[in-house]
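Chemist: Just dropping this structure here.
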Amino acid sequence: MHHALSNREMRLLYQPKYDVQTHEIRSAEALLRWDHPAYGVLPPEAFIRIAERNGMIIDIGDWVINEACRQMGEWRTHGIAEFGIAVNVSVRQLAGDHLFSVVCDAIRRHGIEPGLLTIELTETSAMHDFAASIEILQKLVGLGVRISIDDFGTGYSSLMYLKRLPAAELKIDRGFMVDVPNEGSTIVAAIVALGRALKMQVVAEGVETHAQQAFLSRLGCHAMQGFLFGKPVAPDALMQIRRNFAVNGVYPDR
């Protein structure tokens, strides 16, 4: 793992996010992969916890933020200036001012609009040291960066804390999509209503069927991501998915 970054074994894939209002792919979530020389392509679940224990998560997190901003900068040079990327951060990255410095540097270096970058963190991460989390998140929001609460409904789900977080977006965990639009509909409807009441954008993860899409659209969900709109793909493939939606609303082969 210590050599993975210097050997360029880490890479980002991008899962498209579908905008319900415009019917377009206007942003994506960056998802980390490790092209391990011995074990092949590893998802983050295979190594992130180890990275958090050995301290490598800071270096890896810094690389992810910089790479996402670099990619947005590259798209901007090709005329794609309003396409945003969301990156995940861990609880270890919220300590001190390091995260703020890294974000400032990446935005400035690659010349992107701060509002195109979304920082995603779980409820559990935010609650680990709530006062410190609030401070760093408020500084990021002051810079213009968007904050998203990921996997909502699987952690503390405390309304008292949620209303104090300077978040613009609430993401419904994919686990709730399994029974939508049947048994799980009530819980999802409640989360969407909560997010909208707090004037937050609501994003549903794990959307795989047209029935789920139609149900979430009726509820007033703002955006969706999942295999219905595309699996995590390389940047060029993501732009092809975006063009297909823009031209004729064609869904990717799954």
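The values are calculated or read from the model by the stated rules, or taken from the named source; none is laboratory data. This is a predicted model, so every value here is computed, not measured. Here the Cβ is made from the backbone with ideal geometry for all residues, glycine too, and neighbour counts use every protein chain on show. Accessible surface areas use protein heavy atoms only, side chains included; no ligands, DNA or RNA. Shrake-Rupley method; radii C 1.70, N 1.55, O 1.52, S 1.80 Å.
Chemist: When the stretch 69-125 is examined, which residues are found to be of a type in the set (Lys, Arg) and either within 12 Å of Val145 (Cα to Cα) or within 17 Å of the chain's Cα centre (by Cα) (or both)?
Modeler: Correct list: Arg70 only.
Chemist: How many residues are of a type in the set (Asp, Glu) and modelled with pLDDT under 95 when one looks only at the stretch 86-145?
Modeler: Result for the stretch 86-145: 4.
Chemist: Does Leu170 satisfy being modelled with pLDDT of 90 or more and in contact with a Phe, Trp or Tyr (Cβ under 8 Å, 6 or more places away or on another chain)?
Modeler: Yes; evaluated as a whole, the condition is true for this residue.
Chemist: Looking only at the stretch 229-254, how many residues end up being modelled with pLDDT of 90 or more, of a type in the set (Val, Ile, Thr) and not in a helix (DSSP H, G or I)?
Modeler: 1
Chemist: Please enumerate the residues belonging to the stretch 214-228 that are touching a residue at least 40 places away in the same chain (Cβ under 8 Å) and part of a helix (DSSP H, G or I).
Modeler: Leu216, Ser217 - these are the residues of the stretch 214-228 that are touching a residue at least 40 places away in the same chain (Cβ under 8 Å) and part of a helix (DSSP H, G or I).
Chemist: If you go through the stretch 94-116 one residue at a time, how many are of a type outside the set (Lys, Arg), more than 14 Å from Ile60 (Cβ to Cβ), in contact with a helix residue (DSSP H, G or I) (Cβ under 9 Å, 6 or more places away or on another chain) and open to solvent by 20 Å² or more (accessible area, probe 1.4 Å)?
Modeler: 11
Chemist: Same structure again: Among the residues of the stretch 17-69 satisfying the criterion of being crowded, with 17+ Cβ neighbours inside 10 Å and among the β-branched types (Val, Ile, Thr), which is farthest from Asn7 (Cα to Cα)?
Modeler: Val20
Chemist: Examine the stretch 194-208 for a residue that is under 19 Å from the mean Cα position of the chain (by Cα), assigned to a helix (DSSP H, G or I), crowded, with 16+ Cβ neighbours inside 10 Å and β-branched (Val, Ile, Thr), and state whether such a residue exists.
Modeler: no
Chemist: Kindly indicate whether Val91 is open to solvent by 30 Å² or more (accessible area, probe 1.4 Å), touching a His at 6+ places or on another chain (Cβ under 7 Å) and among the β-branched types (Val, Ile, Thr).
Modeler: Taking the combined requirement at face value, the residue satisfies it.
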